[in-house]
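Below is one structure; the comments refer to it alone.
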Amino acid sequence: MSKLIPSTEEQAEKSRQFCSLLIPVLNQHIPGLNKGKAMQIIFVSPCTETPGGIISSLVSTSVAKTSRNLSSNINYTSPIETILCEDTHQSLYSQLLCGLYQNKQVLRLGFAFASGFMVAVKCLQQHWTLLCDDIRHGTIAEDHPKITDPSVRKAVMKILVKTNPELADFIEHECKRDSSWEGIVSRLWPNAKCIVTIITGTMSHHIDNIDFYSNGLPIVSHMYACSECFLGINLDPLTKPPEVSYTLIPTMAYFESFQILGEDDNQKDNCNQEKKQHHPELVDLVKVELGREYELVVTNYAGLYRYRVGDVLRVAGFKNNAPQFNFMRRNNVVLSIDMDKTNETELQNAVDHLMIMSNVSLVEYTSFADTSTFPGHYVLYWELQGNNNNAVIPQKVLEECCLVMEEFLGYEYRYMRTN
């Protein structure tokens, strides 16, 4: 089971304060964004209840359901009903439909993570003919194959106020004219000035694809956040994705860190370094050094005390006296494609179950996250040996091995695979 991070009203208020800073910073660098709309693709997931009766949800869901901006639906092409629809396929289709219908008003496109951009493009590729039909006729039938929730249909109908065959013809022409779909996003949303999404860390492999489909629109990786709290803002949002740094906002939490030791550090004094690895010395935010890597530790308003977030950051510079960090990686994560984080222990646990339940012996294995295709996937190489030593292992046995691995990988992996 994944960990549960506590939240309080005070913590939620800090999150709202943080979010209120994002667009003003962006407007300073890209003027005029407030004169149009944002096609902000937002998803929520079903909430659950703990045995003690406490509501539990993903952080993104909690923010979406409590955000004052969402409740008033300011500058978004998506009606609130489409955002709060827990059927992600229906939600995405209806949000895309509303965004396409208002395409000339859209000045920025937003996605929580870069992987969301790719999911939206894939949906567009699969359903553009149906989207064109909806726009051409200006109505959503009760037996519509993609929009089945009555409240979502009613909300979308308020956007599709009339038939628009000209727009439908335009979308159809753009989708047909080039099979590679190069620049399709900038063509369908011709006034868009940027794409706002988190592109650092495990999302960075999507940069080339986003550039391809958007014809090089600026990619703004605007914030750094985690389940424990919102952390930092990119004060120079037009920085190229590989150079993005985040300035931690000290009012969000109390930040400390401990230094990640490099090879040179380990060679200086092995005894002292071994001691530091077991009892790392915490460093205040103001005492970090340029170019050094640190693992972040937070004490937040919800009661977490000196909590190791698990993120490794490198000091890239300073804004006045505030340090700015490049996000480097998750600590102790061996496989990650999207928001999943499979560590070495989880992978080994799945392999152990594979050996118990399968009639084969594992000689050796290794793995990597293959992001050359979309969606990405885990690749595991096994050196297997059957009970008859060199006997050929049947394909069916190999397929059963894959199913066992799928079942026993960690909760986050399995959750992401089913959503």
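The values are calculated or read from the model by the stated rules, or taken from the named source; none is laboratory data. Keep in mind that this is a model prediction, so the values were computed, not measured. Positions of Cβ are generated from backbone atoms using ideal geometry, with glycine treated the same way; all protein chains shown enter the neighbour counts. Protein only, heavy atoms only, side chains kept; ligands, DNA and RNA dropped before computing areas. Shrake-Rupley method; radii C 1.70, N 1.55, O 1.52, S 1.80 Å.
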Open item on the list: Taking a ≥ b ≥ c as the square roots of the Cα gyration tensor eigenvalues, with a/c under 1.5 meaning rounded and otherwise prolate when a/b beats b/c, else oblate, which class fits the range 28-137?
Closed with: oblate
Open item on the list: Assuming 0.36 nm per residue, please report the length gained on full extension of the stretch residue 151 to residue 209 beyond their Cα-Cα distance.
Closed with: 17.5 nm
Open item on the list: Under a crude label model (7 Å from the Cα following the beta-carbon direction), how far is residue 88 from residue 398 in nanometres?
Closed with: 2.9 nm
Open item on the list: Quick check: residue separation of residue 9 and residue 236 times 0.36 nm, minus the Cα distance between them. What number comes out in nm?
Closed with: 78.7 nm
Open item on the list: Ranking request for peptides 22-28, 297-303: highest mean number of other beta-carbon atoms within 10 Å first, then the rest in descending order.
Closed with: 297-303, 22-28
TODO: Show the residues, 5+ positions off or on another chain, whose built amide H is closer than 5 Å to the amide H of residue 307.
DONE: 298, 299
Open item on the list: For a quick check: with amide H placed at 1.01 Å from N, whose amide H comes under 5 Å from residue 260's, ignoring anything fewer than 5 positions away on the same chain?
Closed with: 293, 294, 295
Task: Gain in span if fully extended, residue 142 to residue 27, counting 0.36 nm per residue against the direct Cα distance - done: 37.3 nm
- [ ] Quick one: of 37/176; 287/319; 104/158; 122/176; 35/319, which pairs are farther than 24 Å apart, Cα to Cα?
- [x] 37/176; 35/319
Task: FRET efficiency for residue 158 and residue 126, using Cβ-Cβ distance with R0 set to 25 Å, rounded to 0.05 - done: 0.50
TODO: Please calculate how many Å² of accessible area the range 165-261 carries per residue, with a 1.4 Å probe and no DNA, RNA or ligand atoms counted.
DONE: 39 Å²
Task: For residue 324, residues with placed amide H under 5 Å, excluding near neighbours - done: 316, 317, 318, 319
Open item on the list: Just to check I understand the Karplus step: with θ = phi - 60° and J = 6.51 cos²θ - 1.76 cosθ + 1.60, what whole-Hz values come out for the range 243-257, glycine and proline as x?
Closed with: 9, 4, 10, 10, 9, 5, 8, x, 7, 6, 5, 9, 9, 9, 7
Task: Sequence ranges 10-21, 157-168, 48-59, ranked by mean other-Cβ count within 10 angstrom, highest first - done: 10-21, 157-168, 48-59
- [ ] Determine the per residue accessible area of the range 104-159 with all protein chains present and a 1.4 angstrom probe, expressed in square angstrom.
- [x] 46 Å²
TODO: Starting at the first residue of the range 136-147, write each ³J(HN,Hα) from the Karplus equation 6.51 cos²θ - 1.76 cosθ + 1.60 with θ = phi - 60°, in whole Hz, x for Gly and Pro.
DONE: 5, 9, x, 8, 10, 5, 5, 9, 4, x, 10, 10
